[in-house]
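The values are calculated or read from the model by the stated rules, or taken from the named source; none is laboratory data. Quantities reported herein were computed from a predicted structural model and do not represent experimental measurements. Cβ: placed from backbone, ideal geometry, glycine included. Neighbour counts: every protein chain shown. Keep in mind that these areas ignore ligands, DNA and RNA; they rest on the heavy atoms of the full protein, side chains included. Shrake-Rupley method; radii C 1.70, N 1.55, O 1.52, S 1.80 Å.
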Amino acid sequence: MTAGEKEIRKLTVELGDRSYPILIGSGLLHASGALFKERNIPVKSPVLLVTDAAVEHLYAGIVETSLREAGYTVARATVPSGEQSKSLEVFDELITKALQAGLDRKSTVVALGGGVVGDLAGFVAASYMRGVKFVQMPTTILAHDSSVGGKVAVNHRLAKNIIGAFHQPEFVLYDLDTLASLPQREVRAGYAEVVKHGLIWDKAFVDWCDANADRLLALEPDALGYALYEGCRVKSIVVSRDERENDLRAILNLGHTIGHALEAVANYSELLHGEAIAIGMVGSARLAARFGYDPGIEAETERLMRKFGLPVRIPAGYDTDAIMEAMMHDKKFSEGHMVFVVPTAIGSVEIRKDVPAAWVREIVESLKGEAGRS
């Protein structure tokens with residue numbers, strides 16, 4: 001496939017012989033079959049296309065048609081929309097579907113949807129016959145983060161993403177046209193992770209997001225394409241240096257320690273992931289002041305989140321004990337200490353493994369106490 005009249009932005013996640021490209025542009029779903037062949041995805045083995053109920057009627061037919069025209073045999077599996085599909089029960093249903101469709105060791109699982117579909121389908125790909133090929137086709141802004149890097153997982157009722165694996169995709173195909181169908185709330189939530197990539201790595205990108213917030217919220221193609229490219233660029237750099245989160249990759253978790261706990265307490269049904277992470281990033285910035293960093297980091301983080309229409313306070317009805325308990329189950333709780341990614345400046349963070357639980361409880365309480373002013 002050639003770019004034709006439309007620009008295709010391309011990045012590479014550098015992982016040696018497992019390196020793979022990220023393609024960002026318009027009209028890419030229609031070229032799925034050609035792109036599969038370019039990446040040497042086997043034609044003779046069946047493909048399992050996993051999507052959700054919200055995406056299926058919009059885009060699944062486009063992908064299926066393109067793949068079939070290229071000679072692929074495609075089975076489709078549709079899961080309910082929402083975080084609750086990231087469960088062992090739905091995982092089992094997809095494994096059953098793969099067996100019924102005759103997937104073999106050279107088959108490919110395709111994730112067409114947001115982060116939930118990507119994480120779930122990726123875990124199926126990582127587990128089926130001890131690992132088959134996997135392609136990410138994200139259809140949300142939020143999924144620019146989860147579709148890159150190979151983290152795949154399902155949730156346990158007590159903790160998010162606690163059952164999973166590292167399984168890198170063959171490539172990421174990001175068709176910007178799919179983002180036009182997103183509800184405004186999901187658009188706003190998606191930008192939490194976009195801004196996060198600037199907050200951990202690149203102040204200039206934070207400043208650009210700040211200056212272009214209105215264009216981004218309006219989904220202007222040039223601004224949207226650039227923002228997603230830059231977000232994916234930061235993620236690809238970090239993953240290339242630390243694939244399995246031995247050290248550096250943990251910085252991608254800014255806001256996630258509190259954020260994941262809020263999602264769990266809300267039973268994955270009240271807060272969108274990006275909304276929970278926005279609150280978590282404000283909490284991490286407040287924690288930074290406890291370690292002696294500039295209190296202005298919190299004010300700037302909160303201002304940015306508000307600019308994108310994101311929440312910055314914990315709903316007052318959430319139970320503090322339940323939030324703390326959820327954090328204890330999180331993967332970022334290690335050897336009796338709470339582990340947090342703490343901003344040291346806008347565009348720079350550090351990993352602290354010495355965070356007193358009492359500080360975290362106080363911050364949770366303060367963010368709840370101020371909820372009426374959010």
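Observations, loosely collected:
- Taking each DSSP H run with n ≥ 4 as -39500 (n - 2.57) and averaging over every residue of the chain yields -13500 deg cm²/dmol at 222 nm.
- Segment His337-Asp207, extension gain: residue separation times 0.36 nm, minus the distance between their alpha carbons: 43.4 nm
- Candidate lysines - alpha carbon under 24 Å from Lys353, same-chain residues fewer than 8 apart omitted: Lys151, Lys160, Lys196, Lys235, Lys331, Lys332
- Near the amide H of Glu170, within less than 5 Å, lie the amide hydrogens of Phe134, Val135, Gln136, all on another chain or at least 5 residues away, with H placed in the peptide plane.
- Modelled label reach - Leu219, point 7 Å along Cα→Cβ, the stretch 98-129 residues with backbone N closer than 15 Å: 113-114
- Student exercise, the stretch 97-222 dipole from Lys, Arg, Asp, Glu Cβ charges, in Debye to nearest 20: 820 debye
- Remark: relative contact order (the chain) = 15 percent; criterion is Cα-Cα distance under 8 angstrom and separation of 6 or more residues.
- Among Val360, Ala289, Val79 the positive-end extreme of the charge dipole of the chain (Cβ point charges): Val79
- Here the stretch 1-116 is assigned +1 on the Cβ of each Lys and Arg and -1 on the Cβ of each Asp and Glu. Its dipole about the Cα centre then comes out at about 380 debye.
- Note on the chain: Rg/Rh from C-alpha atoms, Kirkwood Rh, equals 0.96.
- Point-to-point label distance, Trp359-Asn267, nm (Cα→Cβ direction, 7 Å offset): 3.4 nm
- Per residue convex hull volume, Cα atoms of the stretch 95-224, in Å³: 128 Å³
- Applying 1/(1 + (r/R0)^6) with R0 = 41 Å to the Cβ-Cβ distance of Ala299 and His57 gives a FRET efficiency near 0.40.
- For the chain, the dipole from Cβ point charges (+1 on Lys and Arg, -1 on Asp and Glu) about the Cα centre works out to 640 debye, to the nearest 20.
- Rolling a 1.4 Å probe over the heavy atoms of the protein chains gives the stretch 1-137 an accessible area of 44 Å² per residue.
- Tail weight of P(r) past 21 Å, computed on alpha-carbon pairs of the stretch 1-115, percent: 44 percent
- Using the average count of surrounding beta-carbon atoms within 10 Å as a protection proxy, the listed peptides 90-99, 42-51, 290-299 rank, highest first, as 42-51, 90-99, 290-299.
- Protection proxy ranking for 7-19, 75-87, 239-251, 188-200, using the average of other Cβ atoms within 10 Å per residue and placing the highest first: 188-200, 75-87, 239-251, 7-19.
- For the stretch 257-374, the fraction of alpha-carbon pairs in successive 10 Å shells from zero, as %: 14, 50, 33, 2
- Orientation-averaged projected area, Cα convex hull of the stretch 188-250 (nm²): 4.2 nm²
- Residue (of Asn253, Ser269, Leu23) at the positive-pole extreme of the chain, dipole from beta-carbon charges: Leu23
- A Förster radius of 25 Å combined with the Cβ-Cβ distance from Phe166 to Glu38 puts the calculated FRET efficiency at roughly 0.55.
- Listed peptides 175-181, 223-229 appear in the order 223-229, 175-181 once ranked by packing, highest mean of other Cβ atoms within 10 Å at the front.
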